[in-house]
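*Asks:* Quick one: the structure is below, questions incoming.
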Amino acid sequence: IFKFNAEDRVGNSSKEETYKVSVDTEAPLVTLLPSSTLYTRGVTSYAPRSYTYAAAATDAGSGVQDLLVSIDGGEAFPYRAPLAFATEGSHSIEAQARDNVGNVSGKIRIDVTVDDNPPKLQLIPSVK
């Protein structure tokens, strides 16, 4: 907290003013969530193409300046709406945020294998 006032050469002085300064040293908190629970088998997470992925960032200090995402290792871009994958296969999303005083979060990442193929059923007749 700073308190100050001014006085000119003839003795006129201003009312004392108070100015509070807050120091923000904490990076934003970033989350990256699928629209529904992923199915995980071993270390691989699976989802249908219909799933979307939402990113969010919060910062209790100066507030969030920007939230950037990248898909499949591509160039980062500003997050605006939930993301989806148009093709089957292995995919990833990374997210990172910066607050209004320049603190940058660590990158978080979600890896998912998109699979819309139904299981194959094969009947094998038994011989008696």
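*Asks:* Name every residue in the stretch 6-41 that is surrounded by 10 or more Cβ atoms within 10 Å (Cβ to Cβ), among the acidic types (Asp, Glu) and without any contact (Cβ under 8 Å) to a residue 24 or more places away in the chain, in order of residue number.
*Replies:* Result: GLU17, single match.
*Asks:* Right, here's the next one. For the structure I just gave you, tell me whether ALA60 is open to solvent by 60 Å² or more (accessible area, probe 1.4 Å), part of a loop (DSSP other than H, G, I, E, B), closer than 18 Å to VAL114 by Cα and among the hydrophobic types (A, V, I, L, M, F, W, C).
*Replies:* No: the conditions fail for ALA60.
*Asks:* Moving on to the next point. Go through ARG80, ARG109, ARG49 for me and flag whichever is in a loop (DSSP other than H, G, I, E, B) and in contact with an Asp or Glu (Cβ under 7 Å, 6 or more places away or on another chain).
*Replies:* The unique qualifying residue is ARG49.
*Asks:* Might you check whether a residue that is touching a residue at least 40 places away in the same chain (Cβ under 8 Å) and either of a type in the set (Asp, Glu) or in contact with a strand residue (DSSP E or B) (Cβ under 8 Å, 6 or more places away or on another chain) (or both) occurs anywhere in the stretch 64-81?
*Replies:* no
*Asks:* Select, from ASP72, ASP59, the only residue that is at positive phi and at pLDDT 95 or above.
*Replies:* Every option except ASP72 fails the conditions.
The values are calculated or read from the model by the stated rules, or taken from the named source; none is laboratory data. Just so we're clear, the structure is a prediction, and the values are computed from it rather than from any experiment. When we count neighbours, we look across all protein chains shown, and the Cβ atoms used for this are built from the backbone with ideal geometry, even at glycine. Note: accessible area is taken over every heavy atom of the protein model, side chains too, but ligands, DNA and RNA are not part of it. Shrake-Rupley method; radii C 1.70, N 1.55, O 1.52, S 1.80 Å.
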